[in-house]
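Below is one structure, written out as structure tokens; the observations come after it.
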Amino acid sequence: MRLTVRAGGVIRKGPERVLVDDYLRRSEGLAKACGFLSITETQIDLRSHKTRADETVQLLGGMDPSHKLIIMDERGKSLTSRKIAQQLAAWRDDGIAEAHFVIGGADGFEPANIPAHAVRWSFGTQVWPHKLVRVMLCEQLYRALSILAGTPYHRD
């Protein structure tokens, strides 16, 4: 199973870029040890898109419907780190080829353009800056992989 963080906006440099790259780098070895093929990030430049609907189509379009689509949304389900690890393991064990974790543009997703099979996850009811959501998502994926690998990183 491949894990892909797909984010609206481009982070070229700065502390957020350093953190995202660090968590993804740390995740690579754990991913393979836990039966995941890869963990990657795809940045989508949304500056040329004029509407939320256009951004949503750009972010979500072209994905295989058999893949898991997880949309980061403050109205989504809030999961513990252990539950995230359990969900990743269940999808892997069910033979899901890929999971896409998508962070929308500044105005979020156009509801009419969200596929019915999409899952919504949240980091709480607060609205977070998109760069921080990307860092938090990459850290939580690393944490989930570390839980699955049995490393001491996560403490309950």
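Any chance region 43-52 includes a residue that's polar (S, T, N, Q) and within 13 Å of the chain's Cα centre (by Cα)? Within region 43-52, one or more residues are polar (S, T, N, Q) and within 13 Å of the chain's Cα centre (by Cα).
Within region 1-21, the set of residues being in a loop (DSSP other than H, G, I, E, B) and not β-branched (V, I, T) comprises M1, R12, K13, G14. Among the numbered conditions (1) touching a strand residue (DSSP E or B) at 6+ places or on another chain (Cβ under 8 Å); (2) at pLDDT 95 or above; (3) part of a loop (DSSP other than H, G, I, E, B), tell me where R134 comes up short. The failed condition is (3). Considering only residues that are in contact (Cβ under 8 Å) with a residue 60 or more places away in the chain and within 10 Å of the chain's Cα centre (by Cα), look in region 121-134 and name the one that is surrounded by the fewest Cβ atoms within 10 Å (Cβ to Cβ). Per the criteria, the residue is V133.
Residues of region 25-39 that are part of a helix (DSSP H, G or I) and under 11 Å from L141 (Cα atoms): R26, S27, E28, L30, A31.
Condition check ((1) in a helix (DSSP H, G or I); (2) surrounded by fewer than 17 Cβ atoms within 10 Å (Cβ to Cβ)) across all residues:
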site: Y23; (1), (2): yes, no
site: E41; (1), (2): no, no
site: S66; (1), (2): no, yes
site: M72; (1), (2): no, no
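Does region 81-90 include one or more residues that are modelled with pLDDT under 95, over 18 Å from S38 (Cβ atoms) and surrounded by fewer than 14 Cβ atoms within 10 Å (Cβ to Cβ)? No, region 81-90 contains no residue that is modelled with pLDDT under 95, over 18 Å from S38 (Cβ atoms) and surrounded by fewer than 14 Cβ atoms within 10 Å (Cβ to Cβ).
The values are calculated or read from the model by the stated rules, or taken from the named source; none is laboratory data. Fair warning: this is a prediction, and the values are worked out from it, not measured in the lab. For neighbour counting, all protein chains shown are included, and Cβ atoms are generated from backbone atoms with ideal geometry for every residue, glycine included.
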